[in-house]
Every structure is written in structure tokens, then in C-alpha cells.
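A short write-up of the structure that comes next.
Read-outs throughout are calculated quantities, based only on the coordinates presented, and are distinct from any laboratory measurement. Remember, it's a predicted structure, so these values are computed and weren't measured experimentally. Cβ: placed from backbone, ideal geometry, glycine included. Neighbour counts: every protein chain shown.
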Amino acid sequence: MSLADDLDDPLPPRLDWALWRRFLDRAVALPGPLAGVLAGGLGLALIESLRPLIVAAMIDEAAREGWSDRLSMLLGGWILLALGFAVMVWLFIEAAGRLGSGLAFRLREDAFAKLQELPFAYFDRRPVGWLLSRITSDCARVSGMAPWVILDLGWATLLMATSAAAMLWLDAGLALWVLVIVPPLAVTSRFFTRRMVETSRRIRRTNSMMTAFLNEAIAGVRTTKSLVREDAAGREFGDLASTMERWSVRNARQGAIYAPLLSTIGAAGAAIALWQGGVAVGEEALSIGELVAFCQYALLFVFPIQDLAQRFADLLGGQSAAERIEALLRAPVEIADSPAVRARIETQAARPQAGRAADGGLPRIARIDLERVSFRYERPAQDDADAPPGSRPPRADPPWIVRDLSLAIEPGQSIALVGPTGGGKTTLASLIARFYEPQQGRILLDGVDVRERSLAWLCSQLGVVQQTPWLFNDSIWANVRFGKLAASDAEVAMALVTSGAERFVATLPGGGEFVVGEGGERLSLGQRQLVSLSRAILADPAVLILDEATSSVDTETERAIQGAIDRLLRGRISIVIAHRLSTVRRVDRILFVEAGRIVEDGPHDALMAITDGRYRRLYLRQFAEERSISALAASDSEEPAGDGVRRTIPPA
């Protein structure tokens, strides 16, 4: 949870009008709802400004003449204004709903599209719950308050102006008495809004932490239960919930004091109007109707101030949410097509060349070269961007994961990356796939820098089976077809057969229509890997990357799919990251990667011939461990008979 807290922003000291103007530009893109909100607000202000004058005229007319034709006309006018008021309320509520919903839709759509563009490095140090809060609660807060801010800017400003003008027109001296309440209103509003903004922000911050915690707790529920950590998890969530309750109560208490206090000040203004107005009525300088209208205008002048103060607090309190959304939308896409690549894509689209890819280059990868590549995982700048200078200790640069590494992969060559954990095997494969950019050196595809080729084209050339595969909450058919959306059912079925997955799929309820659950939780890890392998087979990539693809498959399943993998590797570049060395004996080259460098390179037989070689030592150690396990399993499968002779019981 500390990371989500660190990534949050400090309370903004003042409104960033430039930021809010950018969000207003998004509202302008919805002209119909925006016009409805403004028309409704301005119409309400005009109607509310006219009603006290009509009421004053009705009172004075009734006092002088009783019931008369003029009084009937005034009453008809008042009824028309009441109907107009109802229409304007309906108009702005309906338009505000459409404006808020439309703005939320566009913000979430843009935010999700941005997440699809961002590189893996962006997600490395941001919890899933933290990102979910940006798209859910932050977008909801900004889009929810935007229509009301726009409404009040029009309605409150016009109503204050017309009320002040009407009071000055009725009696300038009395109007100055009423305007005495403006300074206390301003001071009170500033005092409370700053404190309410702080507590509101604390509530949102705690809510973000709770979202992140819940995401981790639900995703790791099996670990929690297996370690009997339910009580500890409950206490941690209880601490967050109590923090939320404490700040929520404080915010409610502040609001309970603030609103009545403003109403009291407004009532004081009306009392001043009654006091001085009563004196004026006694001196016949003001009529009874005008005094009633004046008191109404005094209240109408106060209400917009209260609303504007609340909207100002909303803007200030919501600015953190707006800044987080803006930071996501403006996050630099560090791995993207360069302008030159985009220009070639446009040229190829306008004047297609036969036998060329969408970016004008060769259609299929045949050779890969790495030239003195070095890489380390950078600490995101966002971690400290919002911290005051000197508030956080300096951190050392992270270590190099890949260091000055050069490698040439020939056409159709299969290579295996082996070595100790943390040596850089997966990182090296990720660099080839351009999931990350190296800080030094370059990667060439058929002699062309990978940065000079289209990212979409590169992804279409790759098939990746990850160590921990992710499946979507859909059927097995749909998950396999994700590798090639236009594939026919026959092609999907053939991919399952090639991977050997069709045997377990046939045993599932519904077969290929079986829904695997979120992340594939209804399948074993080995079954998930088989489905992921089927997906890669269906895509028919030029470069296949298998990241510990058989690490969680039992020995029998491993043997069943090894032949399929061998067939799949033929005729294409393949990179196999392996923990079980017995699975890579038939590849063309084995690279022993340690501390970010290739320390041994060659086929299995050549590396085994090195007497003191690292690969030889690791292979022999694994071989001895596997024989020990096999011997132990064989001894467990024997049972002494009644005559004392041990007979082997065939394994089930």
C-alpha cells in the first residue's frame, strides 16, 4: 500500500485554471449537452431574478386595489414563470446527466486507450488497484462535478449580478447595508473550503489504497488462506476502513458546520434588509412589496455565493483527481513508432509495394542481431516528481541486468537461454521483443534498427508464451483465437491438436466452450500454458519466444508437447528460456547467461564437452536430482508382500 500512497499527489495550493480549461475543451466536444446546461442555468437565473419583482407588484397591487385585472395579469405571469422554472430545471438536469456521462465515457475511453499504448515499464511499479482508481473513481469524480461547475458558473454569476443590480435599483442605500455580509461570507468560505478539501482528499487517498489492497487481497486469496493470514488481512483492511471512517466523519462534521453558518450569515443579510427596509417603509420611502422583493434578492444574492464557494472547493478537491488523469493521458509513450516510421506507413498505404510490410520493410523477420546491448530497469521519475526537494533520500541507480551483450541469431535458428535465476534471460528476450528499450547498444532485424520498424508489425511477427500465462475470462476457443482473431474453427482446433491441448480440452464440460475464469483460474497452470502455446501456434509467428513454457507441466505432459514444440520451432527463429535443461538438448545453440552476459555459447554436445563448464555443471546437477527423484518414486511404488519379497506396484 505504501507505493500507492507514494504515487499520490500533494494537496494543490491553488487552482490550476490551465488544467481545468483542458477538461473544459473535452466538454466543448459535447456541444448539445453543454448548450443545454448553460441554457438551463442562465434561464433559471433570469426567472429567479424576475419573480421577486412580480411578487412585489402583486403585493402592492393587492394592497391598493384588491383584486383587479392587473393583479390577474401579474398572477398569470407568475404562473408562467413557475412553469418556465420547471422546464429549465428539467432541461439542465437532463443535459447535465448527458454531459457527465459523455465526459466520463470519453475520459475512460482515452485513459484505457493510453494504457494500451504505454510500455511495460510503466506498469512495473504501479499497482493494479492504483491504475483502476484512475479510470474509475478519478474519472467519475471529474465527470460528475463538471456539469455542476459549468452550471453554477453561468447560473450563480448571472443571479448574483441581477440580484445586486435589482437591490441597487430598488434602494441603493439599503443595498449597501446588505452587501456588508460579503466579507464575512468570503472569510468563512475560505476557512472551511480549505479544510474540507483536505479531508476530501484524505478520503480519496484512503479509497485508492483500499482499492489497491482489495485487488491484491482478492487476487491472493489462496495464499492468504493457505498461510492462515485471514485475521492479519482483516486487521489491515480494518485499519484502512477506520481511517476512511475517521476522515469521512470529519468531512461531514465540517460540512454540518459550514452550511448552517453560511445560511446564518445569509439570514443576517435578510434581517438587515428587514430592519432597514422596515424603517424605509415607515418613512414611505419603500413599499411593502418592494421590501419583500428586497429581502428575496438579499437571499438570492447569498445562495450563489454559497454554491460558488462549494464549487470552488469541489474544483480544488478534484484537482488531484484531474491531475492524475491528466498525468496518465500525457504519460510519454517511450516505445512507439517514430515520425519516419509513420511516414513510411502512410506512403505504403497510399502507394503499396508488393512483397512489403505495412511499414515498407521486409514482411518477415529472418535474422536478429544485438550489438553491445546494455539495459537496466529504470526507477520511474513519477515516484519522486511530486515530492518537495530534499524530502526523500537519494537512491542509487539500479544495477545493469544486461551488460554489453552482442548476439547474432541466424535465419531459422533455435536458441536456448539458460542460467541462474536473475541472470537476465527473460530480460534479454523482452528486449528482443521490444517490450523494453535498451539504454545502450541497438537491436537489428535483418540489418535494420528495430526502432526503424513499425511496432504493430513487430508484434505481429512475435509469438510469446510467458512463464505465467494470462488467460481471459472467456472460453478456451476464444482464448486461443486471441492469437489470430480471423482464424476459423478448424484452425483453432488444429492449434490445439499441435500443442497437445486437445486431450485435456476434450475432458472439460463443453470442451472448447469451457469458460476458464479470470486469469484461467479454473485450469491448472500446466493447462494454461498449453492454451497459451496453442495461441502462439495459431498466430504462426516468425519469432517464437517460450519463457519457461514447460516449467509447470508434469513430465508426462512435457514429453507429449515437446514433439509439438520441436515441429513448431522448425523454419523460424525461436528463443527458449528453460529451467529444465533436458528440454533444450535439441536446439541449435544454448546460451548460458549469467550476470547479464553470455558466458557460454554452443550446442548441447559442445558445451557438455567443456570439463569445467557452467552448463555442464548445471546439467549434471539437474540430471542427478531428477534421478534421485525417480529412484524415490520407484521405491515408494514398491510394497512388501507377505513372503517378505518387495514387488513393484505399477503407478496409477
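What lysines could a cross-link reach from residue 225, if we take a straight Cα to Cα line under 21 Å and drop same-chain neighbours fewer than 8 places away? Within the straight-line cut-off, residue 225 pairs with nothing.
Selection among 281, 76, 320 by position relative to the dipole of the stretch 9-330 gives 320 as farthest towards the positive end (Cβ unit charges, Cα centre). Remark: spin-label model distance residue 474-residue 456 equals 1.9 nm, labels positioned 7 Å along the Cα→Cβ axis. Please work out the FRET efficiency for the pair residue 165 and residue 323, using the Cβ-Cβ distance as r and a Förster radius of 51 Å; give the result to the nearest 0.05. So, using R0 = 51 Å, E works out to roughly 0.85.
Is the C-alpha gyration tensor of the stretch 85-126 telling us rounded, prolate or oblate? Criteria: a/c under 1.5 is rounded; beyond that, a/b larger than b/c is prolate, otherwise oblate. Prolate.
Using only Cα atoms, tell me the angle between helix 614-636 and the longest principal axis of the chain; keep it within 0 to 90° and round to the nearest 10. In the chain, helix 614-636 runs at an angle near 90 degrees to the longest axis. The length gained on full extension between residue 503 and residue 253, counted as 0.36 nm times the residue separation minus their Cα-Cα distance, comes to 83.6 nm. Take the Cα of residue 406, go 7 Å toward its beta carbon, and the backbone nitrogen atoms of the stretch 422-450 under 14 Å from that spot belong to 441-444. For the stretch 486-533, GluC sites (Glu not before Pro) are listed when DSSP marks them as loop and at most 14 other Cβ atoms sit within 10 Å of their Cβ; the list is 521.
Computed on the chain, with alpha-carbon pairs under 8 angstrom and 6+ residues apart, the relative contact order is 14 percent. Taking square-rooted eigenvalues a ≥ b ≥ c of the alpha carbon gyration tensor, is the stretch 9-330 rounded, prolate or oblate, where a/c under 1.5 means rounded and, failing that, a/b exceeding b/c means prolate? Taking the square roots of the gyration eigenvalues as a ≥ b ≥ c, the stretch 9-330 is prolate. Identify which of the listed values of P(r) over Cα pairs in 10 Å bins from 0, in percent was calculated from the structure shown: (i) 3, 15, 25, 28, 20, 7, 1, 0; (ii) 3, 11, 16, 18, 15, 11, 9, 7, 5, 3, 1, 0, 0; (iii) 2, 9, 10, 9, 9, 8, 10, 10, 9, 6, 5, 4, 4, 3, 2, 1, 0. Only one option fits the structure, namely (ii). Per-residue Karplus couplings for the stretch 225-238, computed as 6.51 cos²θ - 1.76 cosθ + 1.60 with θ equal to phi - 60°, are listed in order as 6, 5, 9, 6, 10, 4, 5, 5, 5, x, 5, 5, 5, x Hz, Gly and Pro entered as x. Within the stretch 209-253, the trypsin sites (Lys or Arg not before Pro) that combine a DSSP coil assignment with at most 16 other C-beta atoms in a 10 angstrom radius are 229. Computed over the chain, the per-residue total of -39500 (n - 2.57) for DSSP H runs of n ≥ 4 gives a 222 nm mean residue ellipticity of -20500 deg cm²/dmol, rounded to 500. The C-alpha atoms of the chain define a longest principal axis, and helix 339-350 lies at about 80 degrees to it. For the pair residue 75 and residue 195, the difference between a 0.36 nm per residue extended length and the Cα-Cα distance amounts to 38.6 nm. For the stretch 280-370, the set of GluC sites (Glu not before Pro) satisfying both a DSSP loop assignment and a count of at most 16 other C-beta atoms within 10 Å is given as 283, 284, 334.
The alpha carbon centroids of the stretch 71-144 and the stretch 489-549 are separated by 42 Å. Simple spin-label estimate for residue 274 and residue 226 gives 7.3 nm between the two label positions (7 Å along the Cα-to-Cβ direction from each Cα). Magnitude of the charge dipole for the chain, about its Cα centre and with charges confined to Cβ atoms of Lys, Arg (+1) and Asp, Glu (-1), is about 1200 debye. Projecting the Cα atoms of 20, 542, 135 onto the charge dipole of the chain (Cβ charges, centred on the Cα centre) puts 542 farthest toward the positive pole. Can you find, among 187, 116, 233, the residue farthest towards the positive end of the dipole of the stretch 9-330? Put +1 on the C-beta of Lys and Arg, -1 on that of Asp and Glu. So the residue we want is 233.
Could you please state, rounded to a whole Å, how far the C-alpha centre of the stretch 271-296 is from the C-alpha centre of the stretch 406-473? Centre-to-centre distance over Cα atoms comes out at 83 Å. The angle between the Cα long axis of helix 182-219 and the main principal axis of the chain comes to about 20°, on a 0 to 90 degree scale.
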